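Student: My questions will all concern the structure given below.
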Amino acid sequence: MAKTLLDLHGYKTEDVEEAVDRFLMQLSNSSLKQAKIMTGKGTGKVQAMTIKYLKLAGYQWSFEKLSNGKNNEGCLIIHL
């Protein structure tokens, strides 16, 4: 079964693209409708790289919604 969460905490920006690509390739043949990428907030560089990759690859994404209705801006939901 495909892993549905990629945690990028601690990743360097130069490692993000390969990690996201590998994660999405593992999901490409699954029947899952969504997956989660935790970028954290930090400096925002890892998240910016992740969002840039998702946009270029044509993936729709949104921020995870918290129980109070607000966005969890450190976690992206990828719509597959």
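Student: Output the number of the condition that M1 fails; it satisfies all remaining conditions of (1) modelled with pLDDT of 95 or more; (2) exposed (fewer than 13 other Cβ atoms within 10 Å of the Cβ).
Tutor: (1)
Student: Follow-up. Given the conditions (1) at pLDDT 95 or above; (2) assigned to a helix (DSSP H, G or I); (3) surrounded by 13 or more Cβ atoms within 10 Å (Cβ to Cβ); (4) out of contact with any Phe, Trp or Tyr (no Cβ under 8 Å at 6 or more places or on another chain), which single one is not true for L54?
Tutor: (4)
Student: Determine which member of the set T43, T50 is among the β-branched types (V, I, T) and in contact with a Leu (Cβ under 7 Å, 6 or more places away or on another chain).
Tutor: Answer to the check: T50.
Student: Identify all residues within the stretch 30-46 that are free of Cβ contacts under 8 Å to residues at least 24 places away in the same chain and not β-branched (V, I, T); write none if there are none.
Tutor: The answer is S31, G42, G44.
Student: Of everything in the stretch 13-47, what is small (G, A, S) and within 16 Å of S62 (Cβ to Cβ)? Give them in sequence order.
Tutor: The answer is A35, and nothing else.
Student: Pairs only if they're at least six apart or on different chains, beta carbon under 8 angstrom, first in the stretch 9-21 and modelled with pLDDT under 95, second of a type in the set (K, R); list them, first residue then second.
Tutor: T13/K45
Student: In the stretch 33-48, how many residues are under 19 Å from L80 (Cα atoms) and either β-branched (V, I, T) or surrounded by 13 or more Cβ atoms within 10 Å (Cβ to Cβ) (or both)?
Tutor: The qualifying residues number 7.
Student: When the stretch 1-58 is examined, which residues are found to be β-branched (V, I, T), in contact with a helix residue (DSSP H, G or I) (Cβ under 7 Å, 6 or more places away or on another chain) and closer than 12 Å to I77 by Cα?
Tutor: Once the filter is applied, which keeps residues that are β-branched (V, I, T), in contact with a helix residue (DSSP H, G or I) (Cβ under 7 Å, 6 or more places away or on another chain) and closer than 12 Å to I77 by Cα, the stretch 1-58 yields I37, T39, T50.
Student: What's the total number of residues in the stretch 4-32 that are surrounded by 13 or more Cβ atoms within 10 Å (Cβ to Cβ) and small (G, A, S)?
Tutor: Total meeting the criteria: 2.
Student: Looking at the stretch 57-79, is at least one residue exposed (fewer than 12 other Cβ atoms within 10 Å of the Cβ), of a type outside the set (S, T, Y), within 9 Å of the chain's Cα centre (by Cα) and at pLDDT 95 or above?
Tutor: Within the stretch 57-79 (the criterion being exposed (fewer than 12 other Cβ atoms within 10 Å of the Cβ), of a type outside the set (S, T, Y), within 9 Å of the chain's Cα centre (by Cα) and at pLDDT 95 or above), the answer is no, since none of the residues qualifies.
Student: Kindly provide the set of residues from the stretch 1-32 that are over 17 Å from K52 (Cα atoms) and either of a type in the set (G, A, S) or in a loop (DSSP other than H, G, I, E, B) (or both), ordered by number.
Tutor: Result: M1, A2, K3, T4, H9, G10, S28, N29, S30, S31, L32.
The values are calculated or read from the model by the stated rules, or taken from the named source; none is laboratory data. All values derive from a computational prediction rather than experimental measurement. Heads up, the Cβs are rebuilt from the backbone with ideal geometry, glycines too, and the neighbour counts pull from every protein chain shown.
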